[in-house]
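Asker: Before anything else, here's the structure in question.
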Amino acid sequence: MALSVDPAVLSSPEKDDLIATLLAQVDALVARVAALEAENAALREKLQAPPKTPNNSGTPPSQGRKANGDGKPSPKTRVHAGAHRPLHPNPTRCEAIRMEHCPHCRADL
């Protein structure tokens, strides 16, 4: 709160009233800070609680965390016979063909 009057021009009783008003405001602010600190402590305590999972609460199992596995990619399977056409062991020529558009959707390449 900014003072709207100069304290040098106030009389002694006016200064006493101003001091009493300011002390009342300080007390109110101290009480407000104490309440906010208590609320902050309660919220910090709530943060320390374990997360709710389907095992320890009433949440349905579909909302639980899914297991990601061990994190290792699965090994590639061996290609079975007939899955692709093998390349010729001794090709007679090699051509570099450049396409201007896709043969299916005709989009520019």
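Asker: Checking residue 7 against (1) more than 45 Å from the chain's Cα centre (by Cα); (2) open to solvent by 80 Å² or more (accessible area, probe 1.4 Å), which single condition isn't satisfied?
Answerer: (2)
Asker: Hey, does the range 31-48 have a residue that's in a loop (DSSP other than H, G, I, E, B), open to solvent by 90 Å² or more (accessible area, probe 1.4 Å) and at negative phi?
Answerer: yes
Asker: Which of the following residues is among the basic types (Lys, Arg) and modelled with pLDDT of 80 or more: 66, 76, 15, 72?
Answerer: Unique residue meeting the criteria: 15.
Asker: All but one of (1) open to solvent by 70 Å² or more (accessible area, probe 1.4 Å); (2) touching a helix residue (DSSP H, G or I) at 6+ places or on another chain (Cβ under 7 Å) hold for residue 54; which doesn't?
Answerer: If we test residue 54 against (1) open to solvent by 70 Å² or more (accessible area, probe 1.4 Å); (2) touching a helix residue (DSSP H, G or I) at 6+ places or on another chain (Cβ under 7 Å), just (1) comes out false.
The values are calculated or read from the model by the stated rules, or taken from the named source; none is laboratory data. Predicted, not measured: the structure shown is a model, and the values here were computed from it. Glycine gets a Cβ as well: all are built from the backbone with ideal geometry, and neighbour counts include every protein chain shown. What goes into the accessible areas is simple: the full protein's heavy atoms, side chains included, and nothing from ligands, DNA or RNA. Shrake-Rupley method; radii C 1.70, N 1.55, O 1.52, S 1.80 Å.
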